Amino acid sequence: MTDLGTILTALTNEKIAPPDVHISGAVIDSRQAVSGSLFIALPGEHVDGHDFVQAAFENGASLALVDQEMPEAMSIVDLRPGYFNPEKLSQPLPFCLRVENALTALQTIATFIRNAHPLRVIAITGSVGKTTTKELTASLLSQKYSVLKNPGNRNNEIGLPLTLLDLRPQHDCAVLEMGFYVPEEIQTLCNIAQPQVGVITNIGTVHAERAGTQEIIAKGKSELVQSLPPDGVAVLNLDDPWVRWMANKTQAKILSYGVQEPADLTASQIKSYGLEGITCTLTYAGEEHPVFSPLLGEISVYTILRATAVAITEGLPWDAIINGLEVSRVDLRMRQLTLPSGTIVLDDSYNASPESTIAALQFLKSLPGRRVAILGDMLELGPYEEEGHHAVGVFSTDAADVLIYVGERSKTAVQASLAQGFPGENLQWFPNAEAAAISTRSMVQNGDTVLIKGSNSMHMDQILKALEETP
């Protein structure tokens, strides 16, 4: 982790010899504070972390980063210019470190720690597939290196620096997912992490509500490849025209991948074995390598290509790549559950975009038996909202035998499915997940394969819970 001396040097640019205080971890939730941790008090959408500093101390935190006035009873070391008094560092723990801005201070500490650590950083961004690519890439590299990665989707201006505070001397590389909402956000994350390898998955319409258009999203994602050094590597998906456009935006070397377009690394002979996984043949430098992966669906070949491309840049031999792909059990967003009734549930309720929903439907289509698709609204699509829901409605007609739509936006998908000739008696619409959960039990038959997918705020997990509780 780090220590108080490192934090002080990062924030004051002065070499200070404080008491020997080691930090066990950094948290922004006081409930996660443990003995020796650093609590960063940040304002949230509904609560302010400054109101929970005392709770963090009671849970064991040694230090708290704050940028507001605190109660007089709390011990404070003010690090702001003109206020810093080193003698106050000798006071008993716990105490607060007062800074101008707590988030900026967190990022400054993370940047300082990263600069002091000679490691390779692989950054991954894109509209769909970031997390799975991160997990598989880290899994492959861990065969040779000690790897740090973002836990979960800790991929923003708070989560990424928190991850870097977990750097240990033994780490050889870091595989970091980078999220995007607005222009210059990726650049900020790159300034902190300083990646040598940048992976772009694809450019879709998710977050267009905040970003604006797909072109703005592409420009925002391209900040990653623009930040790479001349001896770095940009791993680009040539099957995506927006990613292909980025080839002229980087000074780094390019390692391209694709299925449809000629590229440095390609995949062919792709075959899905349903819930068992997929096989394909990877071709690189004129050599062919048959591989198997437990990942689900033909669309997963792109995840395989991306992780393999990084493994090649980091010097893994092909026998390690092939073995790693075969044995990797990455933390998939789409979870497979088999209920006592024999019903198989594909739980992909974490999030949804038109691209990821169509990919999930494509996988559902490849499975045998009676198939049920339960699809919730896709949010944050901005100007692509109607177009995206229409596309899902059209595609779903061939992928499922029963369609259940949830949410006001999904009415567009309902109309598209009916217009395609989908039988009305096999289609249902519900205003919310709670209403859908009540009726879904009777609509799903024993032995069905059920896909559940929707944006996280649609609470589609309520439907899964209802199915699990069905006698």
I'm checking my understanding of the structure. Among residues of region 110-127 that are out of contact with any Asp or Glu (no Cβ under 7 Å at 6 or more places or on another chain) and in a loop (DSSP other than H, G, I, E, B), which one is surrounded by the fewest Cβ atoms within 10 Å (Cβ to Cβ)? Pro118
Counting only residues that are among the hydroxyl-bearing types (Ser, Thr, Tyr) and outside any loop (DSSP other than H, G, I, E, B), which one in region 80-109 is farthest from Asn191 (Cα to Cα)? Ser90
Please indicate, with yes or no, whether at least one residue in region 228-249 is among the polar types (S, T, N, Q) and in contact with a Pro (Cβ under 6 Å, 6 or more places away or on another chain). no
Please verify whether region 348-366 includes one or more residues that are in contact with a strand residue (DSSP E or B) (Cβ under 7 Å, 6 or more places away or on another chain), part of a strand (DSSP E or B) and assigned by TED's automatic domain parsing to the domain that holds Glu408. yes
If a residue must be under 14 Å from the mean Cα position of the chain (by Cα), among the basic types (Lys, Arg) and in a loop (DSSP other than H, G, I, E, B), how many such residues does region 144-203 contain? 1
Going through region 285-306 one residue at a time, which ones are small (Gly, Ala, Ser) and either buried (at least 17 other Cβ atoms within 10 Å of the Cβ) or under 16 Å from Ser139 (Cβ atoms) (or both)? Ser293, Gly297, Ser300
Quick one: which helices (runs of 4 or more DSSP H) lie wholly within region 209-260 and hold at least 1 residues that are out of contact with any Lys or Arg (no Cβ under 9 Å at 6 or more places or on another chain) and in contact (Cβ under 8 Å) with a residue 60 or more places away in the chain? 214-221, 223-227
When you scan region 317-334, how many residues do you find that are modelled with pLDDT of 90 or more and surrounded by fewer than 20 Cβ atoms within 10 Å (Cβ to Cβ)? 8
Of the residues Leu337, Leu381, which single one is surrounded by 20 or more Cβ atoms within 10 Å (Cβ to Cβ) and in contact with a helix residue (DSSP H, G or I) (Cβ under 9 Å, 6 or more places away or on another chain)? Leu381
Among (1) free of Cβ contacts under 8 Å to residues at least 12 places away in the same chain; (2) buried (at least 22 other Cβ atoms within 10 Å of the Cβ), there is one condition Asn13 misses while meeting the rest; what is its number? (2)
Which number in (1) surrounded by 14 or more Cβ atoms within 10 Å (Cβ to Cβ); (2) out of contact with any Pro (no Cβ under 8 Å at 6 or more places or on another chain); (3) aliphatic (A, V, I, L, M) marks the one condition that Val34 misses? (1)
When you scan region 264-290, how many residues do you find that are more than 17 Å from Glu326 (Cβ to Cβ) and assigned to a strand (DSSP E or B)? 6
Would you be able to say whether some residue in region 291-301 is within 26 Å of Ser356 (Cα to Cα), of a type outside the set (S, T, N, Q), modelled with pLDDT of 95 or more and part of a helix (DSSP H, G or I)? yes
Only residues that are touching a helix residue (DSSP H, G or I) at 6+ places or on another chain (Cβ under 8 Å) and closer than 22 Å to Thr104 by Cα: list them for region 131-162, please. Lys149, Asn150, Pro151, Asn153, Arg154, Asn155, Asn156, Glu157, Ile158, Leu160, Pro161, Leu162
Top-ranked residue in region 168-182 [being modelled with pLDDT under 95 and either surrounded by 15 or more Cβ atoms within 10 Å (Cβ to Cβ) or hydrophobic (A, V, I, L, M, F, W, C) (or both); ranked as farthest from Arg306 (Cα to Cα)]: Val182
Is it the case that Glu425 is more than 27 Å from the chain's Cα centre (by Cα) and assigned to a helix (DSSP H, G or I)? yes
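The values are calculated or read from the model by the stated rules, or taken from the named source; none is laboratory data. Values in this document were obtained by computation on a predicted structure and should not be read as measured data. So basically every Cβ, Gly included, is an ideal-geometry build from the backbone, and we count neighbours across all protein chains shown.
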